[in-house]
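> Here it is, the structure in full.
The values are calculated or read from the model by the stated rules, or taken from the named source; none is laboratory data. Predicted model only: the values in this text are computed from it and were never measured. Because the Cβ atoms are built from the backbone with ideal geometry, glycine has one as well, and the counts that use them run over all protein chains shown.
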Amino acid sequence: MFLLSLIPLAIWCVLLAARGGFWRVRKPAPSPAPARWPEVVAIIPARNEAAVIGGAVASALGQNYPARLHLVVVDDHSTDGTAEHARAAAAALGKADALTVITARELPAGWSGKVWAQSQGLEAANAQVPGAAWVWLTDADIHHGAGVLKQLVARAEHEQRDLVSLMVRLRCASWWERMIVPAFVFYFAKLYPFSRVNNPRSRVAAAAGGCMLARRTALARIGGFHAIRGELIDDCSLAACIKQGGSIRLDLADDSISVRPYDDWRSLWDMIARSAYTQLHYSPLLLAGAVAGMVLTYLAPPLLALAGGLRLWPAWAAWAAMSVAYAPMLREYRQPLWLAPLLPLTALFYLGATVDSARRYWLRKGGQWKGRSQAPQRG
């Protein structure tokens with residue numbers, strides 16, 4: 001038991017010392033303004049988003065950006081009046097001429113729904129704003145502060161990046177959101193340490209689909225969205241393609257916020273299960289490794305510590321290291337630090353959703369989103 005307790009302690013020592021400082025919350029300083037502000041076209045794919053699209057359109061067109069900004073909303077066969085809500089929001093701002101709303105064509109075989117909608121948006125953008133140097137990709141449930149785009153463009157131009165992205169602040173109001181959401185960002189940062197994503201010499205690539213600013217020439221270089229046409233985890237796939245020939249950056253957001261609620265455990269479970277097995281490349285072997293890793297890293301420390309008492313001090317030390325590592329993300333999300341020792345419970349939730357993700361895939365129920373199967377089906 002003592003030797004077993006040394007394993008999670010060793011894991012956490014390695015994670016804290018040699019995983020790119022993933023647990024630290026670091027944000028960049030403001031970048032200087034470019035000599036000339038380039039034109040930008042924004043794209044929002046939307047499928048049955050009438051409840052939130054108005055706010056997303058208002059926040060996008062309400063940017064205090066010094067150059068031309070045009071917004072394309074792709075209505076992906078909505079049945080709830082999404083397009084009309086988008087037009088009404090633009091008209092209320094007096095910016096109806098800065099909005100183009102199109103209806104996506106039928107989804108072709110081999111494409112995921114969101115990527116196809118983005119591809120349709122880029123096609124419309126090429127016609128509406130051919131001179132735009134940057135393409136701003138955001139979602140229908142994201143509200144951006146007025147200065148977000150200006151700082152994104154300044155950072156991208158100053159650092160010569162081909163893609164800059166923000167991990168938007170997820171809603172963290174309900175009890176379930178407080179338990180799960182900060183851990184979601186923590187796990188993401190562990191999987192894709194931001195410092196390595198931002199290092200051009202590192203092969204680690206990631207982005208967050210709620211806010212991505214891509215250089216138009218970089219999108220052309222990779223062949224547009226056709227390069228990631230079948231990807232469910234489209235944001236990280238896009239980042240990987242762009243980083244092969246350019247520089248990318250990912251940071252935590254201050255003023256870009258998701259308003260989509262996750263008020264019950266089922267909605268959060270489904271959010272994780274929708275893509276967890278995709279992240280493991282639909283591999284039973286990788287699934288087994290992920291389960292073993294989660295058990296040793298998160299579940300073994302409290303189980304061994306509580307079962308063995310102080311004589312299994314390495315387990316207590318591993319549990320403490322885990323809690324210390326998680327504390328900065330809890331502070332970022334303005335949550336109490338007493339939640340840090342409860343991270344193993346959250347890990348158990350994620351573990352269950354990951355296994356369920358594999359189960360859905362094997363039962364040919366994978367990747368469901370808004371009534372559409374997003375993931376490839378087994379067989």
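> Go through SER357, SER323 for me and flag whichever is within 19 Å of ILE11 (Cα to Cα) and either modelled with pLDDT of 95 or more or surrounded by 17 or more Cβ atoms within 10 Å (Cβ to Cβ) (or both).
SER323
> Of (1) among the small types (Gly, Ala, Ser); (2) at pLDDT 95 or above; (3) not in a helix (DSSP H, G or I), SER78 satisfies all except one. Which?
Every condition holds for SER78 apart from (2).
> Turning to a different aspect of this structure: Against the definition (part of a loop (DSSP other than H, G, I, E, B), touching a helix residue (DSSP H, G or I) at 6+ places or on another chain (Cβ under 9 Å) and over 28 Å from VAL115 (Cβ atoms)), how does PRO38 come out, yes or no?
Here the answer is no, as PRO38 does not meet what is asked.
> Would you call ARG161 surrounded by fewer than 22 Cβ atoms within 10 Å (Cβ to Cβ) and charged (D, E, K, R)?
So ARG161 fails the test.
> If you don't mind, there's one more thing I want to ask. If we scan region 74-88, do we find a residue that is farther than 18 Å from ARG47 by Cβ and either within 25 Å of the chain's Cα centre (by Cα) or surrounded by 18 or more Cβ atoms within 10 Å (Cβ to Cβ) (or both)?
no
> Among ALA276, ALA318, which is among the small types (Gly, Ala, Ser) and touching a Leu at 6+ places or on another chain (Cβ under 6 Å)?
Being among the small types (Gly, Ala, Ser) and touching a Leu at 6+ places or on another chain (Cβ under 6 Å) holds for just one of ALA276, ALA318, which is ALA318.
> Could you grab me the full set of residues in region 199-255 that are in a strand (DSSP E or B) and within 12 Å of the chain's Cα centre (by Cα)?
Selection gives CYS211, MET212, LEU250, ASP251, LEU252, ALA253.
> May I ask you to verify whether GLY289 is at pLDDT 95 or above, of a type outside the set (S, T, N, Q) and surrounded by fewer than 16 Cβ atoms within 10 Å (Cβ to Cβ)? Can you show your working first?
Numbers: at pLDDT 95 or above: yes; of a type outside the set (S, T, N, Q): yes; surrounded by fewer than 16 Cβ atoms within 10 Å (Cβ to Cβ): yes.
Against the criterion (at pLDDT 95 or above, of a type outside the set (S, T, N, Q) and surrounded by fewer than 16 Cβ atoms within 10 Å (Cβ to Cβ)), GLY289 qualifies.
> Please specify each residue of region 1-58 satisfying the condition of being surrounded by fewer than 18 Cβ atoms within 10 Å (Cβ to Cβ), among the basic types (Lys, Arg) and over 28 Å from SER202 (Cα atoms).
ARG36
> What are the residues in region 292-348 that are under 28 Å from the mean Cα position of the chain (by Cα) and of a type in the set (Lys, Arg), if any?
Within region 292-348, ARG331, ARG334 meet the criteria.
> Quick check on region 8-38: of everything there that is of a type in the set (Gly, Ala, Ser) and without any contact (Cβ under 8 Å) to a residue 24 or more places away in the chain, which residue is nearest to ARG331 (Cα to Cα)?
Here the answer is ALA29.
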